[in-house]
Amino acid sequence: MSSKNAFDIVVLPGDGIGIEVTDACLELLAAVQRRIGGFSLAYDRRPGGAGCYQQTGDAFPAASMSACERADAILFGAMGLPHIRYPDGREIAPQIDLRVRLDLYAGVRPIRAIPGVPLPLVDPRAREIDLVIVRESTEGWFYYFGKGEVRDDEEAFDKCRISRKGSERVFDFSFRLAERRRARNPKKGRVTCVDKANVFVSMAFSNKIFWERAKLFPGIAADHCYIDAMALNLVRKPWEYDVMPTENQFGDIISDLGAGLIGGMGMAPSGDIGDKHAVFQPSHGSAPDIAGQGKANPIAMFLSAAMMLDWLGDRHGVAACADASALIEGAVDRVFADKRVLPNEFGGRDGTAAITRAVVDAISEKAVA
Ligand code: ATP
């Protein structure tokens, strides 16, 4: 563990509302820095995404990639726009290249019900939803991304790859995360492997590896659920779950389901984490339907920045970073618990500027620790 406390952050605003929520987030982080010393963040803003491709012919310049490789962490808005595509019709998604290049194997998607946020489930236990989806992000059904094959316009093939190394590291990450969560909340500390091991050879293989790794973490409860049953359970009793590692595509799908459970895409943060690098970004995309209108909910981006600070603090042993992370989460919770804002996303009147102002004000309040 290094003892450094000055961090270089590459900022990739990207496209659409990615730019709007990134600017809001930098305003928030400036307020956090005014409240908490003991660490510093220096920002290096870099181009990338569909707009960059349209202007330069390059979706992700080599200089942006090498800045990411040197950075302590990466803060990412959203990239891609449906009307700007490569000549073969594919959407522009440099975030997938980043995951591969930086070996960001754990897609961490916390799904936590924030007090006061309107939820779609009427059961009062929905207020207790607090789980984390860990999406394996380097293989599975995305391994052949861009390499699928169509034969004679009659049949098409994609392939799923699951490796021992890929499985072991994502399961170990999940068990360690469950240990950390249990240290903060004794009710937590359970890992549920989500797959389709009854149908796919690749998933029967990863399921076997899950149980091998579970034995190395005897203090953490381990269980299993098929993805189809989990789709049902996430609607019927999501409050029962804690950490849920799953295959890449399954994780992609249930992450959006999870975001829906806690109010919408604007509430769902994420971190793509590897052994050396990490990218933090809201789970949502560039949302061209609302871009440029000031309607984007920046909370997912704020909570992603909180995850970044927590990760930096843990990695470098800087307690002030963990405090800053808790400061952001506490401020967001207070804003909603006190009903200070109702985002456009929930049918309310508040857009990016009003929500940012409310959270920045809450950060600055003495009562928030
Ligand atoms: P991608 O494929 O890149 O994930 P997408 O087009 O599938 O993107 P999003 O861009 O995440 O999906 O948008 C899905 C819906 O959620 C859209 O209607 C969008 O307006 C809404 N949405 C997404 N993010 C936010 C946000 N931060 N605030 C308000 N609404 C949002």
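The values are calculated or read from the model by the stated rules, or taken from the named source; none is laboratory data. Bear in mind the structure is a predicted one, so any value in this text is a computation, not a measurement. Positions of Cβ are backbone-derived with ideal geometry, glycine not excepted, and every protein chain shown enters the neighbour counts. Side chains are part of the model used for accessible areas, which takes the heavy atoms of the whole protein and leaves out ligands, DNA and RNA. Shrake-Rupley method; radii C 1.70, N 1.55, O 1.52, S 1.80 Å.
Structure summary
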| quantity | calculated |
| --- | --- |
| Karplus (6.51, -1.76, 1.60) ³J(HN,Hα), θ = phi - 60°, over region 286-299, in Hz, Gly and Pro reported as x | 7, 6, x, 5, 10, 4, x, 10, x, 9, 5, 7, x, 4 |
| Order by protection proxy (mean Cβ within 10 Å, highest first), peptides 53-61, 334-342 | 334-342, 53-61 |
| Placed amide H near LEU81: partners under 5 Å, 5+ positions off or other chain | ALA50, ILE92 |
| Simple spin-label estimate for ALA63 and LEU216 in nanometres, 7 Å along Cα-Cβ | 4.2 |
| Per residue, in Å², the accessible surface of the chain once ligands and nucleic acids are set aside, probe 1.4 Å | 43 |
| Relative packing of 33-43, 193-203, which averages over residues the other C-beta atoms within 10 Å, highest first | 193-203, 33-43 |
| Most fluctuating residue given options PRO47, PRO186, PRO238, as computed from a GNM of the chain linking Cα atoms under 10 Å | PRO186 |
| Full-stretch length increase - ALA337, HIS83 - with 0.36 nm per residue and alpha-carbon distance subtracted | 87.6 nm |
| 5 angstrom amide H check on ILE111, placed H, neighbours 5+ away | LEU131, VAL132, ILE133 |
| Within the accessible area of the chain (1.4 Å probe), percent carbon and sulfur | 52 |
| Within a Gaussian network of the chain (alpha carbon springs, distance under 10 Å), most fluctuating of GLY285, GLY251, GLY89 | GLY89 |
| Charge sum, other residues only, whose C-beta stays under 11 Å from ARG184's C-beta, Lys/Arg counted +1 and Asp/Glu -1 | +2 |
| PHE200/GLU154 FRET efficiency (R0 35 Å; Cβ-Cβ; nearest 0.05) | 0.90 |
| Rounded to whole Hz, the Karplus (6.51, -1.76, 1.60) HN-Hα couplings of region 245-254, x for glycine and proline | x, 7, 4, 3, 6, 4, x, 4, 6, 6 |
| Accessible area in the full protein assembly, largest first, 1.4 Å probe, for LYS159, LYS187 | LYS187, LYS159 |
| Nearest-10 value in Å² for the accessible area of HIS316, using the 1.4 Å probe | 20 |
| Pairs beyond 30 Å (Cα-Cα), from LYS165/LYS237; LYS159/LYS208; LYS276/LYS339; LYS188/LYS295; LYS188/LYS339 | LYS165/LYS237; LYS276/LYS339; LYS188/LYS295 |
| Net charge over other residues, Cβ less than 9 angstrom from the Cβ of LEU102 (K, R count +1; D, E count -1) | 0 |
| Sum of side-chain charges, GLN293 neighbourhood, beta-carbon under 14 Å (Lys, Arg +1; Asp, Glu -1) | -2 |
| Projected label distance in nm at ALA42 and ARG125, using a 7 Å step from Cα toward the beta-carbon | 5.1 |
| Computed helical MRE - 222 nm, the chain, DSSP H runs ≥ 4 contributing -39500 (n - 2.57), nearest 500 | -13000 deg cm²/dmol |
| Additional length obtainable on full extension of the chain from ARG184 to LEU232, 0.36 nm per residue less Cα span | 14.4 nm |
| Listed peptides 152-158, 257-263, 218-224 by packing density, highest first (mean Cβ within 10 Å) | 257-263, 218-224, 152-158 |
